[in-house]
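Throughout, read-outs are computed from the coordinates displayed, never taken from laboratory work. Since the model is a prediction, treat every value here as computed from it, not as a measurement. Every residue, glycine among them, receives a Cβ derived from its backbone with ideal geometry; neighbour counts consider all protein chains shown.
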Amino acid sequence: MSANPRKIPLLDPLQRPLQRYQELRFLVFFGMAASPHLFILDEVFSWTFFALLIYRVIAVFHSRLLPSRPLLLVLTLAFLILFFFRVERILGAQGGISLLLVMAGLKLLEIRRRRDLYFSVLLGFFTVITVFLHEDSPPVALLMLAAVIGMISILVESSRIAGPACRLFDLRQAAILSLQALPIALVLFLLFPRLNAPLWSFNLGEKTARTGLSDSITPGSISQLVLSSEVAFRVLFDGPIPPPRERYWRGPVLWRTDGLNWTRSPQMMAPAQEVPMGLRVADYRIFLQPSENPWLILLDLPASAPDGSVLSRDFQVLTQTPVSALRRYQARSFTSFSPLGIDPMQQRLGLQLPSNVTPRMRALVAGWRSGAASPAQIVQKALVHFNQQPFVYSLRPPLLGNSPIDEFLFETRRGFCEHYATSFTLLMRLAGIPSRLVTGYQGGELNPQGDYLLVRQSDAHAWSEVWLPDRGWVRVDPTGAVAPERIERPLDIDAALGEGESALFVIEGSGLFRAFGRNIRWGLDALNLSWQRWIIGYDQSRQRDFLSHMGLGWVDQRLLSALAFGLAGIVFLILFAYLRRQGRERPDPLAKAYGRFCRRLAGIGISREGHEGPLDFERRVLSKRPDLAPEVAPIIGSYVGLAYGRSSPEGIDRLVKRIDAFWPRRRS
Amino acid sequence: MNSTLESVIHQASSIVLGKERVIKLSLACLLAKGHLLIEDVPGVGKTTLAHALAHLLGLEYRRLQFTSDLLPADVIGVSIFDRNSGEFRFHRGPVFSQVLLADEINRATPKAQSALLEAMEERQVSLEGTTHPLPEPFFVIATQNPGFQIGTYPLPESQLDRFLMRVDIGFPDRQAERALLKGEDRRKLLSRMTPVMTPARLSEAQRLAGSIHASDAIYDYCQSLLAYTRSSDRFYHGLSPRAGVGLLNAARAWALIGGRDMVLPEDIQAVLPSVAAHRLQGGTDAETGGESLVRHLIKSVPLP
C-alpha cells in the first residue's frame, strides 16, 4: 500500500479524502446497522465496539487522533488475543459476530479516503445480514432497512464527482433505488429456495435463557412465569374461537414426583399408539415463539402431531430439536373426544407416590373415600374441599419447607395453580385414582384487531388429569374450584397479586387512555403476527403452498435451487457483458435492421460476405433471385441513403418497417 | 457535370480501347487532385492514356522522357545569365505545365526523380532563393516499366507514397485489339478531338468531388482498413495517414464519377487496389504482391 505517491494521480476520486459530513453519515448508519448486536454480545465486545465508534466520531473533528498503521496493527493483535481468551466457541455465530464487530470497529479508525468508505459500506451491508442471525422482529427489520438505505445513499453520494446541492437528495435517490429493487426482492423472497434449517437457528441462545415452561415443576416455577408478559404464542383459528373454558394449551405432562419436584416420564414419551376419536374439532395455526424447549404447544387434546414432531403416549407433542426460532404449524385438536384408555404402565406411573406423604394427607383422603361410591365422587369431594375450605389464590404464596404439599394443604392454604394442581394430583393418587400433572397455558387474550388469540407466558398454567373407569382420562382443574375467574377470563395480574405493588408495567389511567393504550398494543401485536405469518413464517412448506396455488406445484426445491443459481449466473454474465460493452458503441437501429435483412436473405441461402458492400450485395441477390427486386431494391436503396448519406430518424423508421415486412421465401 | 465526365470517359475509351475501368480510375485520381503512376510493360498505351486524359481535360501538356542521364535542371529548369539584361534569368523546365507526363520515370537516377517528386508534393519549385509556383492544376502522370526490367531505378516507398494511385493497363482483349489494329493511329485520332473540359471546369469538378458526403460508417470502415494493415502480420508496414486521406478522396471522386452524392463501401473497395497496392509490402510472405495483399485486406475487414 505504501506505493509511490507520485504514481497516484492527484484527481483519482477513490483517493480523495473524506469530508466531515461524509464520515459522520457513515458512522451513524454503521452504528445503526450494528446496534442490535450490542445486546447479545459479551459485554467486553459490545463496549469495545461502542468505544471505538465513539472515538471515531470524536476523531471526525480531530483527525490527528486517528491511530497510525503500526498502532492499528498492535491494537488488532491485542483484540485478537482478547477474543481468543474471551470467547468460548470461536466457531459459533456469536464468536463470529464478536470478531466481526470488533474488527469493523478497528476498520472505522482506518477510514480516511473514499476508497475506504466503499469497503466499509460493504462491511456495513454484511453486518446487516448478520443481525438477522438472531433478530427477526419488525422494529429491527425497519431499523436495518433505514441503515441499508442510508448506506446506499453514501454510495450514491460518493459515486458523484461534484458535491451535492442538497444532501437529502442522496437519501431520496437511495430510497428510490431500494424501491426499484423491491420487485427483485419480492421475487427472491417468494421463489428463493428455503433452507430447512433457518439461518437463525445457529445456536445463539448461549446467553439468552428464555422464559417459558420447563420440563419439571417445583412450587413457584410457574408463578415466576406469570410475572412475564412475553408472548408465548399466537393462534389463528380457522373456525370459531373456542370459549375460555376450553382454552387449555397442552404442554409437558408430568408423572413422577419426589414430593417436591414433578418430572416427565421417559416411558410415556414414546409415540402414541392410541388415537382418540374426536367429537368436536378445532383447526388452527400456531406461531410459537422460540422457547428452546423440545416440544410444541397445542390445544388440548392434540389430534395429531404437526410435521416434524411426534405425539407421545401422554399426548405431548415432542420435537427432535429445541424450538430455537419462530415455529409455525397447522394443528388440529379435539375439544371433545371419546374416552381415552389406560395401559398398565400408565396405571403404575399414575399411582406413584413420593416418600413424604404425611398421615394428615392420608386421613383427609380416607375421609373422602369412605363417603364416596365412585372415583368421580371422590374427585367431586376434593374439589368441594378446595372450594369450601379457606384456600386463597395468590401469586405470592409463603415459602414452603420439605413437605410442601402437606404445609400447603393444612397450614398456609395460599397458593397458585401449581400448588393446587400438584396437591390435587397427589391426593387423587392417595385415593387410588391414576392421575397426572399437565402443564401448559390456559386462556389467551383475544386480539380483536387481528381476530387471533395471544397467549403470554403469564398464561402459564398447571392442571391435573385423572383416570375414571367410565370416562377415561379427564381434565380436572382444581384452580378453577378456588378461583373460577382465573379460568373464565384472562388473568388480571394486578388483581391476582392481591397485595403488594404491581408486578408489571401496566398502562395505568382511566377509561379512555387505557382503552387507547390497549388498542395500540393490540394493533402493534397484530402487526407482529402478520410479520411472523407472512414474512418470517414463509418457510419451505409455505413456499410449496404458494407455488401449488400458482399452479406450479411441480416446482420442487431442487429445481428452485437450480433456477436460483442459474438465474444468478445469468444475471452475473449479463452484467459482466454489459459492463464490458459499455465502452463500445451500441449498434444503431439502422445497423440492426440491416443485419436482420441480411439474416433473412441468408435464410434463403444468400448470405452477405462481411466485406460486401450493399450495392454489390444487391447485385448478387438479384442475379440469383431477380424476382426479389421489387422488395430488395428499395430496401437497399434507402439503406444506402441512410447509412452513407444523410440519415434521418423518419427514414430509419420507414426502412425498419419495410425490413420487418420483408420475409423472402426459398424458391420452390 | 456527370455528363461531362461521362463524355470524357467515353471519348478516352475510344482512344484507349477496352480500358474503361483504368480510364475511370485515372480520372478519379485527377479529380482527387492526386498524381498518377501508370505501370506496365512498354507499348500497351501508357503514354496514350496520359495524353488522352490531358487533352480531353483541356490541359496544357508536356512530356518528359526520363533517362539515366537526366539532371534535375532538365526537369525544373535552370537559371541562365542573360547577357542583354546582365542578370540571371530562370528558364522554366518542363515541370511548369498543367500535366507533366514523366515517361519511364524509373529509368532516371534517384537524383532526377527526387527533383520531380519534391515539385509534386510542394506544387512549387524553389531555386536559388526564389520560389516559383507551379501552374494550377498541376498533375504528374508518370509511367514506369515494371521493376524487374533491366536498367531501372525503382522508386523508393517514400516516393511511391506521393502518387495517389498506381494503375496498370494490361493487354487489350481480343476485340479491342482487333479494333486497334484496324483503326487509325491513335495520336492522329486524338489530335482531331476537341477538349471536353477546361481547367475551370476541372477545378469545379474537383471541388464537387471534395464535397461528396462521407458518413461516419464510411470513416469507420476507412479507419478499420487502415488499422488492419497496421496490426496484421501480413503487412510489412501499415498504410500512412496520407494514404488514408488519399483513399477517401479517391473514393469521393469515384462516387462522383459513379453519379452518387455519397461515398459507399464499394467506392472505397473500387479504388483501394489502386491507392494501396503500391504502398503495401508483404510482411511474413515476401512473395505476396500488393494486389493480393489488397484483396486479402478487403476480404478481412468487415463493413461496420
Response to the item:
For region A:602-607, in residue order, the Karplus 3J(HN,Hα) values (coefficients 6.51, -1.76, 1.60; θ = phi - 60°; whole Hz; Gly and Pro = x) are 4, x, 9, x, 10, 9
Fill in: Selected from B:Thr229, B:Thr143, B:Thr194 as most flexible by GNM, with chain B as the system and alpha-carbon contacts under 10 Å
B:Thr194
Worksheet, complete the sentence: HN-Hα couplings for region A:62-73 via Karplus (6.51, -1.76, 1.60; θ = phi - 60°), in whole Hz with x for Gly/Pro, come out as 10, 5, 6, 6, 5, x, 6, 4, x, 4, 4, 4
Worksheet item: In what sequence do A:Glu631, B:Glu157 fall when counting other Cβ within 10 Å, fewest first?
Response: B:Glu157, A:Glu631
Worksheet item: What are the trypsin sites (Lys or Arg not before Pro) within region A:83-137 that DSSP puts in a loop, where the Cβ has at most 13 other Cβ atoms within 10 Å?
Response: A:Arg89
Worksheet entry | Partners for B:Lys33 among lysines (Cα-Cα distance below 20 Å; same-chain residues under 8 apart left out) | B:Lys24, B:Lys46
Practice prompt. Would you pull out the residues with amide H under 5 Å of B:Leu127's amide H, same chain only if 5 or more places away, H placed 1.01 Å from N?
Written response: B:His132
Worksheet, complete the sentence: Taking alpha-carbon centroids only, region B:2-16 lies from region A:238-275 a number of Å equal to 115 Å
Item to complete: As a check on your grasp of the helix formula, calculate [θ] at 222 nm for chain A: sum -39500 (n - 2.57) over DSSP H runs of n ≥ 4, divide by the residue count, round to the nearest 500.
Response: -15000 deg cm²/dmol
Practice prompt. Quick one: what are the phi-derived ³J(HN,Hα) couplings along region A:544-558, Karplus 6.51/-1.76/1.60 with θ = phi - 60°, whole Hz, x for glycine and proline?
Written response: 4, 4, 4, 5, 6, 5, 7, x, 10, x, 6, 7, 10, 4, 5
Item to complete: Sort out for me the Cα centre separation of region B:48-67 from region B:148-191, rounded to whole Å.
Response: 13 Å
Worksheet item: Among A:Ser530, A:Phe617, A:Ala33, whose Cα lies farthest out toward the positive end of the dipole of chain A, if unit charges sit on the beta carbon of Lys, Arg (+1) and Asp, Glu (-1)?
Response: A:Phe617
Discussion item. Within 10 Å of each candidate Cβ there may be at most 10 other Cβ atoms; applying that plus a DSSP loop requirement, which trypsin sites (Lys or Arg not before Pro) in region A:541-629 survive?
Written reply: A:Arg584
Worksheet entry | Amide H partners (placed H, <5 Å) of B:His35, local residues excluded | B:Leu164, B:Met165
Discussion item. Just to confirm my numbers, what's the Cα centroid distance between region A:14-83 and region A:113-132 in Å?
Written reply: 13 Å
Worksheet item: What percentages, rounded to whole numbers, describe P(r) for region A:216-488 computed over all alpha carbon pairs with 5 Å bin width beginning at zero?
Response: 1, 6, 13, 18, 20, 17, 13, 8, 4, 1, 0
Response to the item:
Once amide hydrogens are built 1.01 Å from N within the peptide plane, the residues lying 5 or more places from A:Ala232 or on another chain with amide H under 5 Å from its amide H are A:Val455, A:Arg456, A:Gln457
Worksheet item: By a straight-distance test (C-alpha under 13 Å), which aspartates and glutamates pair with B:Lys299 as possible cross-link partners, with residues fewer than eight away in the same chain excluded?
Response: A:Glu609, A:Glu612, B:Glu266, B:Glu291
Worksheet entry | Check: region B:211-300 dipole with +1 on Lys, Arg Cβ and -1 on Asp, Glu Cβ, in debye | 140 debye
Discussion item. Taking the number of other C-beta atoms within 10 Å as the exposure measure, put A:Trp663, A:Trp295, A:Trp531, A:Trp262 in order starting with the fewest.
Written reply: A:Trp663, A:Trp531, A:Trp295, A:Trp262
Discussion item. Across chain A, what fraction of all alpha-carbon pairs, as a whole percent, falls in each successive 20 Å bin from zero upward?
Written reply: 14, 33, 27, 17, 7, 2, 0
Worksheet item: Please identify the GluC sites (Glu not before Pro) of region A:59-151 that satisfy two criteria: DSSP loop assignment and at most 16 other Cβ atoms within 10 Å. Which are they?
Response: A:Glu88, A:Glu110
Fill in: Over chain A, relative contact order from alpha-carbon pairs under 8 Å, at least 6 apart, %
11 percent
Worksheet item: How big is the equivalent ellipsoid of chain B along its three axes, where each semi-axis is √(5λ) from the Cα gyration tensor, reported in whole Å from largest to smallest?
Response: 31, 24, 21
Worksheet, complete the sentence: Listing A:Cys598, B:Cys29 by rising number of other beta-carbon atoms within 10 angstrom, fewest first, gives A:Cys598, B:Cys29
Discussion item. For chain B, what does the helix formula give at 222 nm: sum of -39500 (n - 2.57) over DSSP H segments with n ≥ 4, over the residue count, nearest 500 deg cm²/dmol?
Written reply: -14000 deg cm²/dmol
